[in-house]
Each structure stands twice: as structure tokens, then as C-alpha cells.
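First the structure, in the form of C-alpha cells, and then the observations on it.
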Amino acid sequence: MLKKLKKFLMGITKIFGKKKEIKLGLYGPPNAGKTSLANRVCKDWLGEEIEMGSASAIPHETREIQIRDQIKIKKKGKELSFNLVDTPGIATKIDYEDFLKFKMNKKDAKERAKQATKGVIDAIKWLDDMDAVVVVLDSTVNPYSQVNITIIGNLAARDIPVLIVGNKIDLKKSDIKKIESAFPQYKVVGVSATKGKNVDKFYDALLKVVK
């Protein structure tokens, strides 16, 4: 029954063409700059100061899926319409004690850890709904981590378009080549989401990767 339904839906898609708007997900480890990039996209293409969320030095500031509908990028005769999905930072381990380092009391730290764990589970579930994914990595941090390998592995298994963004290129320790070496199968673009540096190259790459 499910197979028949899937074939029917595929047939409808062929008749009426591709859907106009896709779901574009922002994934990555905590504090890589996903929300900063989401806010930059909204600022650049919605023509107003709209923030999808607040960025913070405290890990797992984004603990729920945030969605911004109907964003349209137009560059060099190309156009891309999408719904932007900012997801909580993916982590293989979340310990409430990590939040105590940021002068958070024990009760709040435990609640933050609980919400963050739920956010990670939701983010992974949402992968099945994504048409394309931008993986945001901190370019000052070694990309060879269990978290990054887990994220990339999940994406490779789903065979969907992926663009990797190495964020924070304005910092001295930034090393985009190391990210390129770690994941040579994907296009990598270096940006500074907060300062807007190199974001034009990000948009150009996005238009090429997501078709």
C-alpha cells in the first residue's frame, strides 16, 4: 500500500513539476554559527532585520527547530526559493555539568541539558524532510570530530545535496583547507556570518549545489 502511494505521489510530481520551495536545513555542532548564518540570510534576502534566533557563547542556545518561510535568492539570472530551517546543534553527548561552567545554576543547567537532548533528537528526525542541507562548521576547530563525522554520515546515507560552510574566517585560527581535506566529497565555502564576509560566495555556491 505504501509503495503504491509513493508511486502515485511521484507521478503527481512529474505531472506538475518540481515543488517551488524546498526545505533547506542548517546543521552542525553547537556554537558553529548556524543561527548567525540564518540571521544573515534573513537580513540579506528579506530586506529587514529579522532574526531567527539569538546567538550565544553558551552551547545549545538554539534548542528548538526554527523555520523562516519563503526566502528567495536571486543572483546572476538564477533563483532559489526555500524555507530555511535552523536546527539545534548536534552533539554525541550532552552533560548538564558543561552548563555549570557558564555560571548557570544546577536546576537551570539540568533543564538546558534536557531541552538540548530533545533538540538533537528532533534535528536528526527532521533530516528526513530536508531537500538540501548546509553544514555549518567552526573553521577554527579541528573538523575531524565524532560529531561532524556523524552529521556527514547521516547526510551521505540520505543522498541529498550538501554544502559545507566553514564559519568564522575572520578569526586567526581559521583553517578552511583542513575542512576541505576532511570532507573532499563536498563543496566547502569559508564565511564570517557575523561580519558578512564572503557571503556572496556562499550564495553562489548554494545556487549551484541546490538545483
Q. Does I67 satisfy the criteria of being on the phi < 0 side of the Ramachandran plot, of a type in the set (A, V, I, L, M, F, W, C) and part of a loop (DSSP other than H, G, I, E, B)?
A. no
Q) Within segment 8-21, is there a residue that is modelled with pLDDT under 90, among the aromatic types (F, W, Y) and farther than 20 Å from K195 by Cβ? A) yes
Q) Of all the residues that make up segment 115-125, how many are surrounded by 18 or more Cβ atoms within 10 Å (Cβ to Cβ) and under 12 Å from the mean Cα position of the chain (by Cα)? A) 1
Q) Counting residues that are touching a Phe, Trp or Tyr at 6+ places or on another chain (Cβ under 8 Å), which strands (runs of 3 or more DSSP E) fully inside segment 92-211 reach at least 3? A) 132-138, 162-167
Q.
When the residues of segment 69-90 are narrowed to those that are under 11 Å from Y203 (Cβ atoms), in contact (Cβ under 8 Å) with a residue 24 or more places away in the chain and charged (D, E, K, R), which ends up surrounded by the fewest Cβ atoms within 10 Å (Cβ to Cβ)?
A. K76
Q | Qualifying positions in segment 114-147 - more than 19 Å from I164 (Cα to Cα) and polar (S, T, N, Q) | A | Q115, T117
Q) What single numbered condition from (1) of a type in the set (S, T, N, Q); (2) modelled with pLDDT of 75 or more; (3) surrounded by 18 or more Cβ atoms within 10 Å (Cβ to Cβ) fails to hold for T62? A) (2)
Q: Return the pairs, sorted by first residue and then second, in which the second residue is basic (K, R) and at pLDDT below 95, the first residue lies in segment 128-147 and is under 23 Å from L206 (Cβ atoms), the beta carbons are less than 6 Å apart, and the residues are 6+ apart or on different chains.
A: D129/K23; M130/K23; D131/K23; V136/K34
Q) Residues in segment 148-160: is at least one under 20 Å from V209 (Cβ atoms), acidic (D, E) and free of Cβ contacts under 8 Å to residues at least 12 places away in the same chain? A) yes
Q.
Taking the conditions exactly as written (within 15 Å of A132 (Cα to Cα), at pLDDT 60 or above, in contact with a Ser or Thr (Cβ under 8 Å, 6 or more places away or on another chain) and not polar (S, T, N, Q)), does I94 satisfy them or not?
A. no
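The values are calculated or read from the model by the stated rules, or taken from the named source; none is laboratory data. This is a predicted model, so every value here is computed, not measured. Positions of Cβ are backbone-derived with ideal geometry, glycine not excepted, and every protein chain shown enters the neighbour counts.
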